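Everything below concerns the one structure shown next.
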Amino acid sequence: MGYTMKTEGLDDLSKMLNQLGEQAGKVAAVGLYDGAGVMADEIKRQAKSIKADKFHYAVFPPNVTRNPSVEEKEAVTKASAGIAKFDKNGGAVETSVGYSNSGYWNIRGKMKPVPLIANSINSGTSFMKRQPFFRKAVTKGTPKATNAIVRTAEAKIEEIINQSGG
Amino acid sequence: MPTEYTTLVSALADTGYPCAEYGWKTRPDGTYLVVGLDYEAGRLEGDGAKADRAFSVSVDAFFRKIADRAAVAGKVESVLASCLGDSWELNSIQYEQETGLFHIEWTGEVCGTITAPPEPVPDTEPEATEDGDA
């Protein structure tokens with residue numbers, strides 16, 4: 001006594017899965033690019049909510065803690081929050097978002113590096129009150145970025161499946 | 001205020017270093033501390049309400065001599081360990097060239113509500129009305 005079982009379409013399925021496997025890195029990269037963009041936007045959005053003061057540095061009394069100046073706020077809102085080059089490692093893709101290469105900004109007639117200004121506002125200094133906009137952006141932006149990555153990656157996967165005639 | 005946060009503030013004040021919430025208007029000389037609640041870091045939601053909330057908390061220590069580093073960091077970290085358990089980390093160690101101060105920054109998370117919990121309503125039994133029995 002025996003049973004005969006017949007399955008159809010396995011060839012197509014394996015072909016499709018192979019194609020997906022080959023393009024996994026590409027799918028991850030497309031998703032990550034969108035996620036990184038969402039995170040950069042969130043950093044900009046949080047930077048806009050920094051509380052800044054307008055004052056003259058020269059008349060500022062010593063030993064008094066202040067808010068960031070208008071110029072310092074401008075540096076982190078107007079300088080570009082960039083996305084680093086993608087580091088591909090097999091199916092995994094990594095990048096970083098931040099002010100690392102955002103250049104310099106004119107503060108009191110001197111060019112100061114933007115990452116340093118951003119760090120001073122984020123961590124606070126002895127003379128500047130802390131306003132952790134960057135940490136807040138990372139906390140608030142992570143679920144949004146994750147959603148964006150998943151959404152884009154799913155769309156890309158669907159596109160690949162359709163192309164391979166699945 | 002979250003209870004963990006209020007105990008943290010009072011414990012930091014007990015270290016002997018001047019400690020202020022949300023920064024000093026006029027900063028003191030020597031070693032001093034700053035503590036503050038920053039933002040809502042996470043929440044547990046259900047039935048259209050927040051069941052539990054986590055807040056980000058930060059502690060900053062400023063000191064002038066590098067020799068003080070071990071003493072200051074040791075005191076603050078033992079307070080953090082006793083008040084927050086393991087939900088804290090050392091975020092950065094910085095040196096300010098303009099003022100010559102060292103700055104250590106810790107961040108952590110506390111659980112609780114920002115508003116005071118409502119007063120418990122005492123359970124009062126409805127007064128038994130006695131109908132006049134003849």
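Where residues in segment B:51-71 are under 14 Å from B:Tyr32 (Cα atoms) and of a type in the set (D, E, K, R), which of them is nearest to the other protein chains (Cβ to nearest Cβ)?
Per the criteria, the residue is B:Asp60.
Show the residue pairs meeting these rules: Cβ distance below 7 Å; 6+ apart or different chains; first residue within segment B:107-121 and away from every other protein chain (no Cβ under 14 Å); second residue part of a loop (DSSP other than H, G, I, E, B) and modelled with pLDDT of 65 or more.
B:Val110/B:Pro2; B:Cys111/B:Pro2; B:Gly112/B:Pro2; B:Thr113/B:Pro2; B:Ile114/B:Met1
Could you say whether any residue in segment A:123-138 is part of a helix (DSSP H, G or I), surrounded by 13 or more Cβ atoms within 10 Å (Cβ to Cβ) and basic (Lys, Arg)? I'd like the intermediate steps shown before the answer.
Restricting attention to segment A:123-138, the residues satisfying the condition of being part of a helix (DSSP H, G or I) are A:123, A:133-138.
The next check asks that each one be surrounded by 13 or more Cβ atoms within 10 Å (Cβ to Cβ); those that pass are A:123, A:133-138.
So of that shortlist, the ones also basic (Lys, Arg) come out as A:135-136.
Yes, segment A:123-138 has at least one match.
So B:Ala54 ticks every box in (1) assigned to a helix (DSSP H, G or I); (2) among the aliphatic types (A, V, I, L, M); (3) in contact with a strand residue (DSSP E or B) (Cβ under 8 Å, 6 or more places away or on another chain) but one. Which box is left unticked?
(1)
Which one is modelled with the lowest pLDDT among residues in segment B:2-51 that are among the β-branched types (Val, Ile, Thr) and farther than 21 Å from A:Val64 by Cα?
The initial filter retains those residues of segment B:2-51 that are among the β-branched types (Val, Ile, Thr), namely B:3, B:6-7, B:9, B:15, B:26, B:31, B:34-35.
Narrowing the set further to residues that are farther than 21 Å from A:Val64 by Cα leaves B:3, B:6-7, B:9, B:15.
On the way: B:Thr3: 83, B:Thr6: 87, B:Thr7: 89, B:Val9: 90, B:Thr15: 90.
Here the answer is B:Thr3.
Between a first residue in segment A:1-27 that is among the small types (Gly, Ala, Ser) and a second residue that is part of a loop (DSSP other than H, G, I, E, B), which pairs have beta carbons less than 9 Å apart while being 6 or more apart in sequence or on different chains?
A:Gly21/A:Gly91; A:Ala24/A:Gly90; A:Ala24/A:Gly91; A:Gly25/A:Gly90; A:Gly25/A:Gly91
Could you tell me which residue of segment B:72-100 is farthest from the chain's Cα centre (by Cα), considering only residues that are away from every other protein chain (no Cβ under 14 Å) and loosely packed, with under 13 Cβ neighbours inside 10 Å?
B:Gly74
Quick check on segment B:21-50: of everything there that is farther than 21 Å from B:Thr107 by Cβ and among the acidic types (Asp, Glu), which residue is farthest from the other protein chains (Cβ to nearest Cβ)?
Here the answer is B:Asp47.
Between B:Ala61, B:Ala20, which is free of Cβ contacts under 8 Å to residues at least 40 places away in the same chain, crowded, with 18+ Cβ neighbours inside 10 Å, touching a Leu at 6+ places or on another chain (Cβ under 9 Å) and in a strand (DSSP E or B)? Explain how you work it out, then say what you get.
On the way: B:Ala61 fails: free of Cβ contacts under 8 Å to residues at least 40 places away in the same chain.
Every option except B:Ala20 fails the conditions.
Have a look at A:Lys144, A:Lys156, A:Lys112 and point out the one that is modelled with pLDDT of 85 or more, closer than 20 Å to A:Gln46 by Cα and either within 14 Å of another protein chain (Cβ to nearest Cβ) or part of a helix (DSSP H, G or I) (or both). Walk me through it before giving the result.
Numbers: A:Lys156 fails: closer than 20 Å to A:Gln46 by Cα; A:Lys112 fails: closer than 20 Å to A:Gln46 by Cα.
Going through A:Lys144, A:Lys156, A:Lys112 in turn, the sole match is A:Lys144.
May I ask you to verify whether B:Phe55 is farther than 19 Å from B:Glu40 by Cα, buried (at least 16 other Cβ atoms within 10 Å of the Cβ) and touching a Gly at 6+ places or on another chain (Cβ under 8 Å)?
Numbers: farther than 19 Å from B:Glu40 by Cα: no; buried (at least 16 other Cβ atoms within 10 Å of the Cβ): yes; touching a Gly at 6+ places or on another chain (Cβ under 8 Å): yes.
Judged against the criteria, B:Phe55 is not a match.
Given the options A:Val93, A:Val150, A:Val97, A:Val114, name the one that is closer than 22 Å to A:Val70 by Cβ and either surrounded by 21 or more Cβ atoms within 10 Å (Cβ to Cβ) or out of contact with any His (no Cβ under 7 Å at 6 or more places or on another chain) (or both).
Within the list A:Val93, A:Val150, A:Val97, A:Val114, the selection yields A:Val114.
Give the residues of segment A:51-90 that are part of a loop (DSSP other than H, G, I, E, B), within 14 Å of another protein chain (Cβ to nearest Cβ) and at pLDDT below 85, sorted by residue number. Write out each step before concluding.
Keep residues of segment A:51-90 that are part of a loop (DSSP other than H, G, I, E, B), which gives A:51-52, A:54-56, A:60-63, A:65, A:67-68, A:79-81, A:84-86, A:90.
Those left that are additionally within 14 Å of another protein chain (Cβ to nearest Cβ): A:51, A:60-63, A:65, A:67-68.
A:Phe60, A:Pro61, A:Pro62, A:Asn63, A:Thr65, listed by residue number.
The values are calculated or read from the model by the stated rules, or taken from the named source; none is laboratory data. On a predicted model such as this, the values are computed, not experimentally measured, just so you know. All Cβ positions, even for glycine, are placed from backbone atoms using ideal geometry, and neighbour counts span all protein chains on display.
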